[in-house]
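Reading through the structure tokens given below for one structure.
The values are calculated or read from the model by the stated rules, or taken from the named source; none is laboratory data. Bear in mind that the values here come from a model prediction, so they are computed numbers and not experimental data. Positions of Cβ are generated from backbone atoms using ideal geometry, with glycine treated the same way; all protein chains shown enter the neighbour counts. To get the accessible areas, we keep the full protein, side chains included, count just its heavy atoms, and leave off ligands, DNA and RNA. Shrake-Rupley method; radii C 1.70, N 1.55, O 1.52, S 1.80 Å.
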Amino acid sequence: IAVIRGSVVDEKGNNTLFRYEPVKSRLFLSTYDLYENNFGIYVEKLHKFKPKFIHTYPSAISVFAKYVKQNNIEFPTLKGIFCSSEQFFEGQRELIESAFKTKIYSWDGHSEYATLAGECEVNTDYHVFFEYGYTELIDKKGQVITQPGIQGEIVGTSFEMKGFPIIRYKTGDFAEWVEGKCKCGRN
């Protein structure tokens, strides 16, 4: 996985454009240096690394996608792009998928590891990952929403945080409960 998502890339005390992590086979590319004069270096590093996936923010990869598309650059080993932590704005998804010739899988979670939901292979609706945490939607009065079609605040209880449990964490994010089966088979 190549990672372009907000990490300060630091190699032995020196800020740099990239860093390879051999244990998890990840190449970190600096999000803070996504400037056109650096794009050639990014392309070179990605071609050498041959990632199967890129993990990124929609805003970061959009900037790079314009350059990739304008210069007809290809990444033949790429199987998908994982976008997280931001919403997509009009035209971003189409630009990214067109430039990189692969599908985007988007998800949203939190640094607190309380709740996580993401798209499936069929559409852009989000499925809650129940094994990650217990997710609830609550109304303005703090009551759990029990009927579809109602928007509420996302509240999560982490299954991941063992040392410091996060219980019923109010995220400040909102979603709408949708009932039924997706074409992928998930609820």
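List the pairs whose first member sits in the range 33-60 and is over 16 Å from Arg19 (Cα atoms), whose second member is in a helix (DSSP H, G or I) and open to solvent by less than 40 Å² (accessible area, probe 1.4 Å), and whose Cβ atoms are under 6 Å apart, counting only residues at least 6 apart or on separate chains?
From the range 33-60, the pairs are Pro58/Gln92; Ala60/Thr31.
Go through the range 69-120 and tell me which strands (runs of 3 or more DSSP E), entirely inside it, have 2 or more residues that are polar (S, T, N, Q), modelled with pLDDT under 90 and touching a His at 6+ places or on another chain (Cβ under 9 Å).
Of the strands (runs of 3 or more DSSP E) lying wholly inside the range 69-120, none has at least 2 residues that are polar (S, T, N, Q), modelled with pLDDT under 90 and touching a His at 6+ places or on another chain (Cβ under 9 Å).
So which residues in the range 158-184 are within 17 Å of Asp139 (Cα to Cα) and in a strand (DSSP E or B)?
Within the range 158-184, Tyr169, Lys170, Thr171, Gly172, Asp173, Phe174, Ala175, Glu176 meet the criteria.
Which ones in the range 96-135 are within 18 Å of Cys184 (Cα to Cα), touching a residue at least 24 places away in the same chain (Cβ under 8 Å) and among the aromatic types (Phe, Trp, Tyr)?
Once the filter is applied, which keeps residues that are within 18 Å of Cys184 (Cα to Cα), touching a residue at least 24 places away in the same chain (Cβ under 8 Å) and among the aromatic types (Phe, Trp, Tyr), the range 96-135 yields Tyr105, Trp107, Tyr126.
What residue, among those in the range 121-131 that are at pLDDT 85 or above and within 14 Å of Ala175 (Cβ to Cβ), is surrounded by the most Cβ atoms within 10 Å (Cβ to Cβ)?
Val128
In the range 22-39, which residue that is open to solvent by less than 40 Å² (accessible area, probe 1.4 Å) and of a type outside the set (A, V, I, L, M) is farthest from the chain's Cα centre (by Cα)?
Asn38
Would you mind stating whether Val144 is closer than 27 Å to Ile104 by Cβ, out of contact with any Cys (no Cβ under 7 Å at 6 or more places or on another chain), hydrophobic (A, V, I, L, M, F, W, C) and open to solvent by less than 90 Å² (accessible area, probe 1.4 Å)?
It is false that Val144 is closer than 27 Å to Ile104 by Cβ, out of contact with any Cys (no Cβ under 7 Å at 6 or more places or on another chain), hydrophobic (A, V, I, L, M, F, W, C) and open to solvent by less than 90 Å² (accessible area, probe 1.4 Å).
Working only within the range 161-175, note down all residues that are open to solvent by 70 Å² or more (accessible area, probe 1.4 Å) and out of contact with any Gly (no Cβ under 7 Å at 6 or more places or on another chain).
Lys162, Gly163, Phe164, Pro165, Ile167, Arg168, Lys170, listed by residue number.
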